[in-house]
Amino acid sequence: MSTASQLFRRRLLVGAVAAASVWIFVTDNIVSLQMINGRSMQPALNPDSNRLKRDVVVVDKLVRGALSTRLKRGDIVTFASPSDPDRCLVKRIIALPHDCVVPLSSPDSYVRIPKGQCWVEGDESFHSGDSNTFGPIPIALITARALRPVWPPSRFGARLQPLPEWKKTRIYPNGGSRLSEHRP
């Protein structure tokens, strides 16, 4: 084997290792794709009830740790399940620290969200295990924020639907003064 061909193979190998390293870093820490399972986020995600068609979305992973301040009400996020850390859930942020929210299961009361936590819910409440079941979650469990669907092709680049209006009536930002006026 000639020296030129050995040099070419060595450079090709080094280039492949470097490219793979960059790819792994980017998909672990910056942006990646996430397949969405289940009906809890309908109609924003998986709007077709056909179980064979699942949305795949681009997710922004620059929302963890010190960057969690970039999260806002209405963001759709992925996070580790509070009851099963190996399971990844996808829900919408409804309330942030210091907000008050009226739980669906208890319309005569409210929950004040503690510092470092948030309230998450699925858009389709009848098919969602969310904060109405397990309470506020630590923001540290959030792994990514959904940006836009890329699959199926008919939904490529579509904007994710905003926070449903009926949910907004249950949120009192920063403990809101209207909370005392709340009469369910």
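In this structure, does LEU104 turn out to be touching a Ser or Thr at 6+ places or on another chain (Cβ under 8 Å) and surrounded by fewer than 17 Cβ atoms within 10 Å (Cβ to Cβ)?
On the way: touching a Ser or Thr at 6+ places or on another chain (Cβ under 8 Å): yes; surrounded by fewer than 17 Cβ atoms within 10 Å (Cβ to Cβ): yes.
Yes.
Which is touching a strand residue (DSSP E or B) at 6+ places or on another chain (Cβ under 6 Å) and either surrounded by 16 or more Cβ atoms within 10 Å (Cβ to Cβ) or among the hydroxyl-bearing types (Ser, Thr, Tyr) (or both), of SER128, SER81, SER68, SER40?
Exactly one residue qualifies, and that residue is SER81.
Can you pull out the residues in the range 148-163 that are buried (at least 17 other Cβ atoms within 10 Å of the Cβ) and either among the hydroxyl-bearing types (Ser, Thr, Tyr) or outside any helix (DSSP H, G or I) (or both)?
Hits for the range 148-163 are PRO149, LEU160, LEU163.
Among the residues of the range 107-125, which ones are farther than 20 Å from THR69 by Cβ, under 16 Å from the mean Cα position of the chain (by Cα) and surrounded by 18 or more Cβ atoms within 10 Å (Cβ to Cβ)?
Selection gives GLU121, GLY122, ASP123.
Can you confirm whether the range 21-33 contains a residue that is open to solvent by 90 Å² or more (accessible area, probe 1.4 Å), assigned to a strand (DSSP E or B), touching a residue at least 40 places away in the same chain (Cβ under 8 Å) and over 27 Å from ARG170 (Cα atoms)?
Scanning the range 21-33, I find at least one residue that is open to solvent by 90 Å² or more (accessible area, probe 1.4 Å), assigned to a strand (DSSP E or B), touching a residue at least 40 places away in the same chain (Cβ under 8 Å) and over 27 Å from ARG170 (Cα atoms), so the answer is yes.
The values are calculated or read from the model by the stated rules, or taken from the named source; none is laboratory data. On a predicted model such as this, the values are computed, not experimentally measured, just so you know. Reconstructed Cβ throughout: ideal geometry from the backbone, glycine too, with neighbour counts over all protein chains shown. Remember, those area values only see protein heavy atoms, side chains included, never the ligands or the DNA or RNA. Shrake-Rupley method; radii C 1.70, N 1.55, O 1.52, S 1.80 Å.
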